[in-house]
Structure formats: C-alpha cells, structure tokens
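What follows is one structure encoded as structure tokens, with my remarks underneath.
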Amino acid sequence: EDQVTQSPEALRLQEGESSSLNCSYTVSGLRGLFWYRQDPGKGPEFLFTLYSAGEEKEKERLKATLTKKESFLHITAPKPEDSATYLCAAYGQNFVFGPGTRLSVLP
Amino acid sequence: NAGVTQTPKFQVLKTGQSMTLQCAQDMNHEYMSWYRQDPGMGLRLIHYSVGAGITDQGEVPNGYNVSRSTTEDFPLRLLSAAPSQTSVYFCASSTGLEAFFGQGTRLTVV
C-alpha cells in the first residue's frame, strides 16, 4: 500500500532561522513527488514536482530535494509570510498525500 | 483563466439529505479528482477520472458518486449524507506535472 508520512507535524522558527521539512514515501512506481503550500481556508497551492532521485528545484527561499525514499523541503532564512502548512504528495497510480507540516515563522 | 472552480463554498446538510458538489476546470485537463481533508489525516482521494466517461474509486469512495460527462466538469454526489461526511472537500485538476486545486467546500452534516 502506498504511504506518505511527513515530519515534524509542526515547526516553529524565528525569522531567518533556516530548517528542513521531511517527506518519506513508500510508493511503487513513483511518477512524481509533489510539494504544496496550504494557507488556512484555502486549497493547496502547487510548489514543485520532482521526478527522479538527485533532482533539486528552487523557488525563492524554498528548495526541494528527492532521494529514493524521501524528499526534503529546505527553507532558507524564512519570513513570517512563509507560515503555512506544507503538504507533500507521491504520485504513483494516484496521488497519495502526507498529513502536512504546519510551519510558523515568528517575527 | 479561472482554473478550478468549486461550488458551493459552504454547505450544511441534515442527515439523510443528498446534494451535489460542483467542480469545473478550464485548463482542458484529462485527470480530475476529489479529495476530503480532515484534521490530522491529510487529503484522501475519494474518486478520480482520467477523462470524459471514465471514473474510478479512490481510497474512501463509500457514500459518494461521480460522473464525468465532459472534460470540464466533475461533480461529486452525496447520496444520503451522514455526520461522518463532515469535512472539507477539494476538487483537483492535473497533468502529470502539477495539480491545481479548487478553494474547497466546507460541508457540515448535522
């Protein structure tokens, strides 16, 4: 059975304090690993898709990386506006989502 | 370009009532799907469609029906609402590269 877990469940950072979020997956025939940002009361907003181990993608303060078993979302010098829930999803036969990491960045 | 449009945004139903959640996309995507999101459980796939006339079940399909008569529309029907169906429902439209979500429908069944 395909499975995706994320850690930590919640993370509090000071503004400028870099950190990483983890997404571990067990999916047969992975076709893509997706990262989303979700703000309260809104739908998930697409960030990145990674397709193969070793691949990296960057967008502003965010960088996503992929290995054969997990993906990391690195946040460099975060700002309060980066506060959100970050979801990862593995796409094999279908999309399987992790429960998310709730990130709070304090000024 | 509207993307994915869901209606209604909020709905309260009584147990046993039926209703349809609407989803429309204007990106000509073949793949559309419905999810429910519950606290601490992430998004769970209800039903999906890989094209007009083709639908299939996801992880939690019981109590829900779908149809796909056009590429643009993918409605989700609750046949007889139960309190366990209280949740936030998201429709998504995707290619193999990325998925776009609607803004969600918050459904309460009393």
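Data overview
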{"item": "Qualifying residue in the range A:15-34 (condition: in contact (Cβ under 8 Å) with a residue 60 or more places away in the chain and either of a type in the set (Lys, Arg) or under 30 Å from B:Phe10 (Cβ atoms) (or both))", "result": "yes"}
{"item": "Count of residues meeting criterion [in a loop (DSSP other than H, G, I, E, B) and among the β-branched types (Val, Ile, Thr)] in the range B:8-41", "result": "1"}
{"item": "Test: residue in the range B:57-68 that is more than 14 Å from chain A (Cβ to nearest Cβ), over 22 Å from B:Thr5 (Cβ atoms) and without any contact (Cβ under 8 Å) to a residue 24 or more places away in the chain", "result": "yes"}
{"item": "Residues satisfying the stated conditions in the range A:84-107, i.e. in a loop (DSSP other than H, G, I, E, B) and either buried (at least 18 other Cβ atoms within 10 Å of the Cβ) or within 11 Å of another protein chain (Cβ to nearest Cβ) (or both)", "result": "A:Gln93, A:Asn94, A:Gly98, A:Pro99, A:Gly100"}
{"item": "Within the range B:39-51, tally of residues that are buried (at least 16 other Cβ atoms within 10 Å of the Cβ) and over 13 Å from B:Pro75 (Cβ atoms)", "result": "5"}
{"item": "Identity of the residue in the range B:72-110, charged (D, E, K, R), more than 14 Å from chain A (Cβ to nearest Cβ) and not in a loop (DSSP other than H, G, I, E, B), that ends up farthest from B:Gly42 (Cα to Cα)", "result": "B:Asp73"}
{"item": "Some residue of the range A:51-61 being touching a Gly at 6+ places or on another chain (Cβ under 6 Å) and farther than 22 Å from A:Ser104 by Cβ", "result": "yes"}
{"item": "Criterion: in contact with a helix residue (DSSP H, G or I) (Cβ under 7 Å, 6 or more places away or on another chain), exposed (fewer than 14 other Cβ atoms within 10 Å of the Cβ) and more than 21 Å from A:Ala90 (Cβ to Cβ) - qualifying residue of B:Thr70, B:Thr15", "result": "B:Thr15"}
{"item": "Selection from the range A:27-50 of residues that are surrounded by 15 or more Cβ atoms within 10 Å (Cβ to Cβ) and among the hydroxyl-bearing types (Ser, Thr, Tyr)", "result": "A:Tyr36, A:Thr49"}
{"item": "Single match in A:Glu17, A:Glu56 (criterion: out of contact with any Lys or Arg (no Cβ under 8 Å at 6 or more places or on another chain) and at pLDDT 95 or above)", "result": "A:Glu17"}
{"item": "Failed item, numbered, when B:Tyr48 is tested on (1) assigned to a loop (DSSP other than H, G, I, E, B); (2) without any contact (Cβ under 8 Å) to a residue 40 or more places away in the chain", "result": "(1)"}
{"item": "Residue in the range A:31-58 that is nearest to the other protein chains (Cβ to nearest Cβ), counting only those that are over 14 Å from the mean Cα position of the chain (by Cα) and small (Gly, Ala, Ser)", "result": "A:Gly43"}
{"item": "Selection count where residues are acidic (Asp, Glu) and loosely packed, with under 12 Cβ neighbours inside 10 Å, scope the range A:51-77", "result": "1"}
{"item": "Which numbered condition A:Glu81 fails, given (1) surrounded by fewer than 13 Cβ atoms within 10 Å (Cβ to Cβ); (2) within 12 Å of chain B (Cβ to nearest Cβ); (3) outside any loop (DSSP other than H, G, I, E, B)", "result": "(2)"}
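The values are calculated or read from the model by the stated rules, or taken from the named source; none is laboratory data. Treat the numbers as computed from the prediction; the structure is a model and nothing was measured. Cβ atoms come from the backbone with ideal geometry, glycine included; neighbour counts cover every protein chain shown.
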